[in-house]
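What follows is a set of notes on a single structure, which appears directly below.
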Amino acid sequence: MTTQIKICGLTTPDTLDAALDGGADFVGAVVFPRSPRHVAPEAAAALFERARGRAKIVAVTVDPDEALLEEIARTLRPDFIQLHGVETPARAERVRALTGAGVIKALPIRQADDFAAADEWDYHADHLMFDAKPPEGSTLPGGVGCSFDWTLLADRAFRHPWFLAGGLNPDNVAEALRITGAPMLDVSSGVESAPGVKDASRIAAFIRNARRS
């Protein structure tokens with residue numbers, strides 16, 4: 001099966017087009033003001049409309065309240081809401097009901113014990129995302145360029161296809177796939193020239209290298 005790829009944190013038409021032209025399966029809009037990749041829902045709607053029908057649109061959120069979810073659903077109309085905070089499975093079901101979108105749940109990983117949360121979440125999310133736990137003191141839950149020990153995923157099975165995230169870039173994506181066999185990949189900072197500044201050539205290289213693996 002071909003590995004599915006998500007390019008996250010897109011903020012400009014040229015880099016969104018690079019993701020779409022490269023064949024990305026998912027494109028992500030980060031709706032979280034503390035992120036250098038933040039795009040307000042209305043602006044995201046205008047930008048990402050060009051992706052509709054070409055790739056799945058993902059709204060990346062961190063503990064969103066109902067007003068924000070309603071605004072995202074009304075304006076951006078994403079295919080998926082990505083939950084990157086401390087949401088509970090019950091909250092995820094409310095998000096699904098409120099927005100009509102699928103749910104991607106990011107789980108922070110540093111050691112084997114961190115996979116325990118996947119047992120419950122596997123029944124409430126359409127896709128799990130295993131992302132590196134950010135360093136101590138970080139104000140961001142992801143997108144900081146950190147990776148975790150990929151061998152921790154060896155021989156693990158889940159109900160649905162899952163994303164590998166955290167520290168991926170064009171140079172290491174082939175090795176990451178070799179070790180984990182991940183069915184889905186998520187990249188953000190690894191295809192940037194500076195925090196929040198996507199690089200079209202790195203996006204193309206990432207997709208190309210992943211597809212060749």
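In table form, for the structure just shown:
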quantity: The range 162-180, subset of a type in the set (Gly, Ala, Ser) and at pLDDT 95 or above, residue surrounded by the fewest Cβ atoms within 10 Å (Cβ to Cβ); calculated: ALA174
quantity: Boolean, PRO195 is open to solvent by 20 Å² or more (accessible area, probe 1.4 Å) and at pLDDT 95 or above; calculated: no
quantity: Some residue of the range 35-49 being buried (at least 22 other Cβ atoms within 10 Å of the Cβ), under 22 Å from PRO134 (Cβ atoms) and among the charged types (D, E, K, R); calculated: yes
quantity: Exclusive hit being farther than 19 Å from ASP17 by Cβ and either without any contact (Cβ under 8 Å) to a residue 24 or more places away in the chain or in a helix (DSSP H, G or I) (or both), set LEU185, LEU177; calculated: LEU177
quantity: Residue among PRO170, PRO134, PRO108 that alone is within 23 Å of SER35 (Cβ to Cβ), in a strand (DSSP E or B) and in contact (Cβ under 8 Å) with a residue 24 or more places away in the chain; calculated: PRO108
quantity: Selection count, the range 79-102, where residues are among the hydrophobic types (A, V, I, L, M, F, W, C) and in contact with an Asp or Glu (Cβ under 9 Å, 6 or more places away or on another chain); calculated: 6
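The values are calculated or read from the model by the stated rules, or taken from the named source; none is laboratory data. Since the model is a prediction, treat every value here as computed from it, not as a measurement. Here the Cβ is made from the backbone with ideal geometry for all residues, glycine too, and neighbour counts use every protein chain on show. Just so you know, the surface numbers come from the protein's heavy atoms only, side chains and all, with ligands and any DNA or RNA stripped out. Shrake-Rupley method; radii C 1.70, N 1.55, O 1.52, S 1.80 Å.
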